[in-house]
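These notes are about the structure you will find just below.
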Amino acid sequence: MLRHYLPGFLKKPFQGERVAAIAEPPSVTDAVAGSVAQSVSDPPVSERSKVEQMIQTIRPYSMVPDAGLEYLIQAVQSVMQQQIAGDFVECGVWKGGCAAAMKLTEIAIQHQSQRLLHLFDSFEGLPPVQPIDGPMARRWQQDVDSPGYFDNCTASLALVQQNFSQLGILDSTVNFYKGWFETTVPQFVQQHPERKIAILRLDGDWYESTKVCLENLYPLVSENGIIIIDDYYYWDGCAFAVHEYLGKNGLNHRIRSVHDFSSAYIIKQAYREA
Ligand SMILES: C[S@@+](CC[C@H](N)C(=O)[O-])C[C@H]1O[C@@H](n2cnc3c(N)ncnc32)[C@H](O)[C@@H]1O
């Protein structure tokens, strides 16, 4: 997601009613300070300030808007509170901000780093746009002088490791998989078919990138696990891939929106329980 290039309608706050999620994470509580969760949608100011502090820490390393980062922090808190088994995974890491947010939130909640964090990226930027990604994506990739180009979203593995090290979270739970998703993601599943995923964060922008990650990683996501689809509203190819996957696999999941509609997420739940 290209933070500085949100079209106007995405920047506007959502005017309609917010969809209540079945297992929607409780809103920001004292995750960052580690106290008991209570509020659902209107956290006390002190709690909010902790989350804002976390977002400030992450900001240099992520292009995801604040609402998306806030949701991610809530999602980590939620899966931990609900004891949903599994690792944290991000496909599309760039400078590592979102990935760091997951690890920092986990540490803030339980004062230790335990869950495995799997980070997939070429660390060489985005692959070429395909026709299914749409004209806006094609124009974006051609406009190499645009300030929103970010060198085709390129950040090296060494840079991400350095960022993690500076944040104090480069530990043995953090795993990097350098290469194209088309190779690294199926290889990971082949080598670790037993792994469960609690949060799957998809941020690879394009159709093929989203498709390969869903096809291989969705089956590993735990029941009530969360799949965050960063580019659902922004890039056409990403939305195609999501609808195609859900349709092909006969899945009834609702697509839920982060409150400013800058990104979307799915709670993996086979059927409603109530
Ligand atoms: C928009 S950036 C990710 C932003 C990041 N999550 C953040 O917090 O700011 C997209 C990333 O996806 C990676 N990417 C996209 N498609 C890929 C693919 N097929 N294989 C490997 N990396 C890919 C790019 O290298 C880039 O780092």
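Any read-out appearing in this document is the output of simple, stated calculations on the displayed coordinates, not a laboratory observation. Here the structure is a predicted model, which means the values were calculated and not measured. Counting neighbours? That spans all protein chains shown, and the Cβs are built from the backbone with ideal geometry, glycine included.
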* Note the full-extension length gain between ALA274 and GLN81 as 0.36 nm times their separation in residues minus their Cα-Cα distance, in nm to one decimal. => 67.5 nm
* Structure fact -> The rounded separation in angstrom of the Cα centers of region 222-252 and region 73-116 is 20 Å
* Structure fact -> Phi angles of region 189-201, converted by Karplus (6.51 cos²θ - 1.76 cosθ + 1.60, θ = phi - 60°) into ³J(HN,Hα) in whole Hz with x for Gly and Pro, give 5, 4, 7, 10, x, 7, 5, 10, 10, 8, 10, 10, 9
* To do: May I ask you to order 105-112, 88-95 by the average number of other C-beta atoms within 10 Å around their residues, highest value first?
  => 88-95, 105-112
* Asked: For ILE132 and SER165, what is the calculated FRET efficiency with R₀ set at 30 Å and r taken between the beta-carbons, to the nearest 0.05?
  -> 0.20
* Asked: If you plug each phi of region 151-163 into the Karplus form 6.51 cos²θ - 1.76 cosθ + 1.60 with θ = phi - 60°, what whole-Hz ³J(HN,Hα) values come out, in order, with x for Gly and Pro?
  -> 6, 6, 6, 9, 9, 7, 4, 4, 5, 5, 5, 5, 4
* Structure fact -> Phi-derived 3J(HN,Hα) across region 171-179 with the Karplus relation (6.51, -1.76, 1.60, θ = phi - 60°), rounded Hz, x for Gly and Pro, is 10, 6, 7, 9, 10, 10, 10, 8, x
* Structure fact -> Note on region 50-94: alpha-carbon gyration tensor, axes a ≥ b ≥ c; rule is a/c under 1.5 for rounded, else prolate if a/b larger than b/c, else oblate; result oblate
* To do: Decide, for region 124-274, between rounded, prolate and oblate: order the square roots of the alpha carbon gyration tensor eigenvalues as a ≥ b ≥ c, take rounded if a/c falls under 1.5, and otherwise choose prolate if a/b is larger than b/c, else oblate.
  => oblate
* Between rounded, prolate and oblate, where does region 101-181 land on the alpha carbon gyration tensor, with a ≥ b ≥ c its root eigenvalues, rounded for a/c under 1.5, else prolate if a/b exceeds b/c? -> prolate
* To do: Filter the cross-link list LYS178/LYS268; LYS103/LYS268; LYS196/LYS248; LYS103/LYS178 down to pairs whose alpha-carbon distance in this structure exceeds 25 Å.
  => LYS178/LYS268
